[in-house]
Amino acid sequence: MNVNDFDFELPEELIAQTPLLDRTSSRLMLLNKATGEVAHSHFKNIIDYLLPGDTLVLNDTKVMPARLFGVKEETGAKVEMLMLKQLEGNDWEVLIKPAKRINPGAVVTFGEGKLKAVCKENLPQGGRVMTLEFDGILQERLEELGEMPLPPYIKEKLEDQSRYQTVYAKAVGSAAAPTAGLHFTEELLKAIKAKGVNVTYITLHVGLGTFRPVSVDNIEEHDMHSEYYEMTAETAGLLNATRAAGHRIITVGTTSTRTLETIASHNEQFQEESGWTDIFIYPGYEFKGIDAMITNFHLPKSTLMMLISSLSTREHVLNAYQQAVEERYRFFSFGDAMFIY
């Protein structure tokens, strides 16, 4: 299957640059995965399409303010560092710009020495392993010195950093937000629960591999990035009970989907589990863990387009995206939503 099979024309002005004032006022496209039928609504009405007994699965990861601006200690040259994932102890995989200045032994300081990063190892494409040195708690230093690592297609500065977090974010560790969850408010979640819909959480720490383009023509040759996930015994039990009762499991976002499908591929039933997943879902894949999904509108030729095409069909998804362009839906992280059911 060729990567160009998942391409579509997207006018640049449809890429949402800022979040809407009201999270629930985004538009909502409804896609019947079997028939391809498309309907249009608003996200605040998502509750109308959820049924008592359904279980909604959200990713409670929290984005780190992981973009840091500092200087090379020896020369004073400006350096930008983006923290991707913790390796062991205080060693982190990061992206450095400009990378050619930072080699093993180099020291970068942030906030006049409140945080230091010592280069331990060079990695491809501007990646580095850096050992962090700081007093106190790392998260507090990042809150003080860092900025939210917005995706590269967002050019506007985000005035309110909390708008790139879900209202239920709690497990710190992501380099990017699970953006389908940005549409929910505490009030909407409360109303969904009151209807008899179960709401539960998994954790998957989103890496920047989410935005990495597919660089091969044959998608089966693509190497998927790995991300850390966790599912509790409580969530596993609820999902098993939902399935046993004949109700739907509905994931919010591709990250929740990849987590459930990873665990379902290991076991006949869901169970408490944690680890790293590099699952790559593309057409031909048979879903084992989910029935429906709430998601945003994704990049052309991306692994996320391939995933949602697997839940429906490539033709149905591309037709829905063509309608989204014609109807001027907002795309990507701060954009509108789709419910594939």
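The values are calculated or read from the model by the stated rules, or taken from the named source; none is laboratory data. On a predicted model such as this, the values are computed, not experimentally measured, just so you know. Cβ atoms come from the backbone with ideal geometry, glycine included; neighbour counts cover every protein chain shown. Accessible surface is based on the protein model in full, side chains and every heavy atom, while ligands, DNA and RNA are left aside. Shrake-Rupley method; radii C 1.70, N 1.55, O 1.52, S 1.80 Å.
The trypsin sites (Lys or Arg not before Pro) of region 269-341 that meet both conditions, a loop assignment by DSSP and at most 16 other Cβ atoms within 10 Å of the site Cβ, are 288, 328. Taken over the alpha carbons of region 1-57 as equal point scatterers, the Debye sum produces base-10 log I(q)/I(0) values at 0.19, 0.23 Å⁻¹ of -1.02, -1.13.
Compactness check for region 214-276: Cα Rg over 2.2 N^0.38 Å is 1.32. How far is the Cα center of region 11-45 from the Cα center of region 61-101, in Å? So the two Cα centres are separated by 35 Å. Find out how many positive minus negative residues lie around residue 217, taking Lys and Arg as positive, Asp and Glu as negative, among other residues whose Cβ is under 13 Å from that of residue 217. Taking every other residue near residue 217 into account, the sum is -3.
Solvent-accessible area assigned to carbon and sulfur over region 208-283 amounts to 44 percent, based on a 1.4 Å probe. Once the gyration tensor of the Cα atoms in region 1-158 is diagonalised, the equivalent ellipsoid follows with semi-axes of 40, 20, 16 Å, ordered largest first. Please state the Cα pair-distance histogram of the chain with 20 angstrom bins from zero: what percent is in each bin? Result, from short to long distances: 30, 57, 13, 0 percent.
Considering only Cα-Cα distances, which of the following residue pairs are longer than 22 Å: 190/288; 33/301; 116/170; 78/114; 85/170? Those over the limit are 190/288; 116/170.
Hydrodynamic radius of region 99-235 by the Kirkwood approach over all distinct alpha-carbon pairs: 18.4 Å.
Averaged over its residues, the chain has an accessible area of 45 Å² per residue, based on protein heavy atoms and a 1.4 Å probe. Considering every alpha-carbon pair of region 246-309, the percent of pairs per 10 Å bin, from zero through the bin containing the longest distance, is 20, 56, 22, 2. Mean projected area of the convex hull spanned by the Cα atoms of region 166-257, taken over all viewing directions: 7.6 nm². For the chain, excluding the exposed loop sites themselves (GluC sites (Glu not before Pro), DSSP loop, at most 13 other Cβ atoms within 10 Å), the longest remaining stretch covers 160-267.
Largest first, the three principal axis extents of the alpha carbons in region 188-341 are 39, 35, 25 Å in whole numbers.
In the chain, helical runs assigned H by DSSP with n ≥ 4 each contribute -39500 (n - 2.57); averaged across all residues and rounded to the nearest 500, the mean residue ellipticity at 222 nm is -5500 deg cm²/dmol.
In a DSSP loop and with at most 11 other Cβ atoms within 10 Å, the trypsin sites (Lys or Arg not before Pro) in region 155-186 are 155, 157, 170. Consider all pairwise Cα distances in region 68-147 and report the whole-number % of them above 21 Å. Result for the distance tail: 15 percent.
For the chain, the longest principal axis of the Cα atoms and the long axis of helix 314-326 meet at an angle of about 80 degrees. Give the separation of the Cα centroids, region 227-257 to region 262-341, in Å. Region 227-257 and region 262-341 have Cα centres spaced 15 Å from each other. For the chain, the longest principal axis of the Cα atoms and the long axis of helix 254-266 meet at an angle of about 80 degrees. Think of each Lys and Arg Cβ as +1 and each Asp and Glu Cβ as -1; about the Cα centre, that makes the dipole of region 296-341 roughly 140 debye.
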